[in-house]
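See below for the structure under consideration.
Bear in mind these aren't lab numbers, they're just calculated from the coordinates by the rules spelled out. Because the structure is a prediction, the values reported are computed rather than measured. Here the Cβ positions follow ideal geometry from the backbone for every residue, glycine too, while neighbour counts run over all protein chains shown.
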Amino acid sequence: MHTRIQKGEVYRKGKKWYLRYFDFRVEDGQLQRKRLCKPLCCVADMTKTQAREEAKRFLESINRPVLSPETAIKLVEFIESAYLPRLKQDVRPSTYRGYTSLWAALKPYCPDLLTRDVRTKRVQAILDEMARTDRFNKRSMQHVKFFLSGAFGLAIRNDYYTGGNPVTEAKIPAKVRGVGETHAYGLEEVLMMLDVIPEPARTLLAVAAFAALRRGELRGLRWEDYRNAELHVGRSVWNGIATDPKTEESKNAVPVIPKLAAILAAHRERQGNPISGWIFPNGAGNAADPNNVLQRVILPALKRNGILWHGWHAFRRGVATNLNRLGVPDKIIQRVLRHSDVAITQAAYIKPEDKDSKAAMEKFETAVNATQLPPISKVAEMKHVM
């Protein structure tokens with residue numbers, strides 16, 4: 001479809017310069033030519049001649065020899081018709097649900113944007129506007145930027161957008177709300193929980209606390225996976241859908257400590273000593289949902305005993321933190337948690353406390369006190385060498 005070269009009409013209304021022009025829009029699957037209006041800038045900032053130059057730059061993306069429906073698709077339409085379906089194919093169901101929740105929060109900030117017209121300035125405006133609401137913390141904003149960058153990456157690869165990715169140079173606003181501190185269960189907390197929670201929920205919680213498995217991995221455990229004093233993580237079950245674990249590294253085996261081995265042995269005996277099947281089955285014989293067990297059994301028991309619940313992931317952080325305090329190297333902790341990068345373990349899972357810092361400084365003081373000063377003659381020699 002061919003379109004004419006247009007200059008548009010620049011006019012003043014109130015304190016702003018506007019551009020009146022024609023462009024195509026996709027409506028009900030049909031490409032239709034529409035008369036449109038776009039604010040260019042404030043009169044105080046530009047002369048009319050400068051406003052015409054700004055209009056010319058804007059119209060360059062419209063005055064193309066050939067126009068296809070893709071060039072006029074809105075960003076909202078592109079994400080919902082192309083990007084999200086692609087993500088659904090490529091990522092785990094639980095990850096995809098996170099993306100859809102993120103998009104639901106982001107969508108109101110980009111309702112009328114055409115994919116082809118988005119520039120870094122507009123992406124920055126979206127991030128700034130979201131930050132001003134104080135609804136989103138720094139981590140959420142990082143996820144938003146990552147999501148948008150992926151969307152425009154797909155748009156570029158499929159000719160919905162020309163030029164570099166407009167998200168790359170956008171910055172997370174400096175005044176965005178910080179990320180709240182996460183919790184790591186201490187050994188005392190874990191033992192108190194195990195003391196008040198009835199079986200089989202107690203065994204479920206013990207595996208989370210002593211093997212550091214993710215919630216979906218807990219649900220996906222089968223007796224065939226428990227061998228040679230190790231839990232071999234081979235699947236994750238989310239909303240009844242079995243998938244591979246989160247990463248290749250997540251498929252590694254986790255050593256079972258004797259205390260957990262005893263708890264699992266008693267749990268197995270209560271089930272009739274099966275050699276296969278789900279370790280935590282529900283009444284219908286399917287894999288039990290840990291969150292369902294949490295609501296029905298665990299939370300009521302904790303509430304009766306005044307014990308706070310901080311989420312399933314706090315068990316993984318607890319294992320990392322407790323191993324760190326025992327002097328286990330971070331690379332070994334990474335292996336236990338089955339992270340792809342030790343930096344993830346160090347940044348988000350090991351939770352040092354004030355008493356850890358105090359203990360470290362006490363060790364430092366001991367080292368300082370134990371250090372002997374060199375004799376004066378030796379100091380003189382050192383100065384001479386320097």
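Would you mind checking the pairs Lys15/Lys121; Lys145/Lys331; Lys259/Lys331; Lys13/Lys38 and listing those with alpha carbons more than 19 angstrom apart? Intermediate values should be presented prior to the final figure.
Working: Lys15/Lys121 22 Å; Lys145/Lys331 30 Å; Lys259/Lys331 24 Å; Lys13/Lys38 11 Å.
Listed pairs above 19 Å: Lys15/Lys121; Lys145/Lys331; Lys259/Lys331.
Normalise the Cα radius of gyration of region 77-225 by 2.2 N^0.38 Å (N = residues in it) and let me know the number.
On the way: Rg = 20.6 Å, N = 149, 2.2 N^0.38 = 14.7 Å.
So region 77-225 has a normalised radius of gyration of 1.40.
Can you pull the three principal axis extents for the Cα set of region 75-157, in Å, largest first?
33, 28, 17
For region 207-223, just list the computed ³J(HN,Hα) in residue order, Karplus coefficients 6.51, -1.76 and 1.60, θ = phi - 60°, integers in Hz, with x standing in for Gly and Pro.
5, 5, 7, 9, 10, 6, 7, 6, 4, x, 6, 4, 5, x, 5, 10, 5
Mark the label point 7 Å from the Cα of Thr162 along Cα→Cβ and return the residues of region 90-130 whose backbone N is within less than 14 Å of it.
Those under the cut-off are 116-118.
Between Arg86 and Asn239, what FRET efficiency follows from the Cβ-Cβ distance if R0 is 30 Å, with the result rounded to 0.05? Could you put the intermediate results ahead of the total?
Values: r = 20 Å, r/R0 = 0.68.
In this case the efficiency is close to 0.90.
Just rank Arg52, Arg296, fewest to most, by other beta-carbon atoms within 10 angstrom. Can you show the working numbers first?
On the way: Arg52 18, Arg296 10.
Result, fewest neighbours first: Arg296, Arg52.
What distance in nm separates the simple spin-label points at Ala174 and Lys331, each placed 7 Å from Cα in the Cβ direction?
Going from the Ala174 label point to the Lys331 one covers 3.9 nm.
Long-range amide H contacts for Cys41: which residues qualify at under 5 Å (H placed 1.01 Å from N, peptide plane, sequence gap of 5 or more or a different chain)?
Distant-sequence amide H within range of Cys41: Trp17.
What is the spin-label model distance, in nm, from Leu299 to Phe58 if the labels are put 7 Å beyond Cα along the C-beta direction?
5.1
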